[in-house]
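Encoded as structure tokens, the structure appears first; notes follow it.
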Amino acid sequence: MRLLRDEYFVSSVAMYKKNKSKGEHEFVAAKIVGPQQFRAFLKVERTPGETPSLDIYRTLSSNNFVPAMDTIISLDQPTFDEFVRTRSATTLYCLVFDPSPGRDRFPAVDFCHIVASVSAYKDSYTLLGSSCYWFAGMVMKVVEECLSVKQTTGNNRDAAGRCGGMKIFHPDLNAIRDTMTSYNNRRSAEGPSLTSVVETTLSLIAEQRMASELISRDYFT
């Protein structure tokens, strides 16, 4: 883990909202910096674990659930910029970190641990509960609680966690505390499997490859 911890760091984590033909959606993106002017984005989101259909949304609207599909996708800068543009996604707010040597830096691998911990806490998708809004909101809250944020930018924070103006995500202090405990446990027990998937993805981006899946439900569970 030494190479990952010492060379790849998070410079910012932002909450995004995009409008899709079937409704709104929120996701999180972390900007990763590294040696030799390395730049990449890790896009984190939750979707229903089944192909969206009218029947699924009827099921979800009745407070039932389907399995969640949580993913981290790695994107280089041009691909991420194009993704944001074509989805008409807007930045709601952004947490900024200082990746400079000698500072209290945020290792990229720790961001992966946080995402995995949030995913493991609730692995089902419910429309008014553990949906994309809950997942993205929890990732942002745990990042804020666990790391030293240099500054927060963006003036649309109040719009986060809302669908059609209705507040969907409400921070749960117990959930945040338990997720932070899980995150700390994962950090202390990190091993070769996580090292491998992160190094592979960062290498693909460094070689100017396009999008590749970093972590899926197979890792989270």
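Quick look at the values:
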{"read-out": "Contacts under 8 angstrom Cβ, first residue in segment 154-180 being at pLDDT 85 or above and charged (D, E, K, R), partner open to solvent by 60 Å² or more (accessible area, probe 1.4 Å) and not in a loop (DSSP other than H, G, I, E, B), 6 or more apart", "value": "Asp178/Tyr121"}
{"read-out": "Boolean, Ala89 is in contact with a strand residue (DSSP E or B) (Cβ under 9 Å, 6 or more places away or on another chain), closer than 26 Å to Ala189 by Cβ and at pLDDT 80 or above", "value": "no"}
{"read-out": "Scan of segment 121-148 for residues that are of a type in the set (A, V, I, L, M, F, W, C) and open to solvent by less than 50 Å² (accessible area, probe 1.4 Å), ordered by number", "value": "Cys132, Trp134, Phe135, Ala136, Met138, Val139, Met140, Val142, Val143, Cys146, Leu147"}
{"read-out": "Total residues in segment 14-49, condition assigned to a strand (DSSP E or B), of a type in the set (D, E, K, R) and either open to solvent by 20 Å² or more (accessible area, probe 1.4 Å) or on the phi > 0 side of the Ramachandran plot (or both)", "value": "6"}
{"read-out": "Index of the failed condition, Ser74 passing every other in (1) open to solvent by 10 Å² or more (accessible area, probe 1.4 Å); (2) not in a helix (DSSP H, G or I)", "value": "(1)"}
{"read-out": "Identity of the residue in segment 67-110, aromatic (Phe, Trp, Tyr) and free of Cβ contacts under 8 Å to residues at least 60 places away in the same chain, that ends up farthest from Lys18 (Cα to Cα)", "value": "Phe80"}
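The values are calculated or read from the model by the stated rules, or taken from the named source; none is laboratory data. From a predicted model like this one, the values you see are computed outputs, not experimental measurements. Please note: Cβ atoms are built from the backbone with ideal geometry, for glycine as well, and neighbour counts cover all protein chains shown. Heads up: the accessible areas ignore ligands, DNA and RNA and are worked out on the full protein's heavy atoms, side chains in. Shrake-Rupley method; radii C 1.70, N 1.55, O 1.52, S 1.80 Å.
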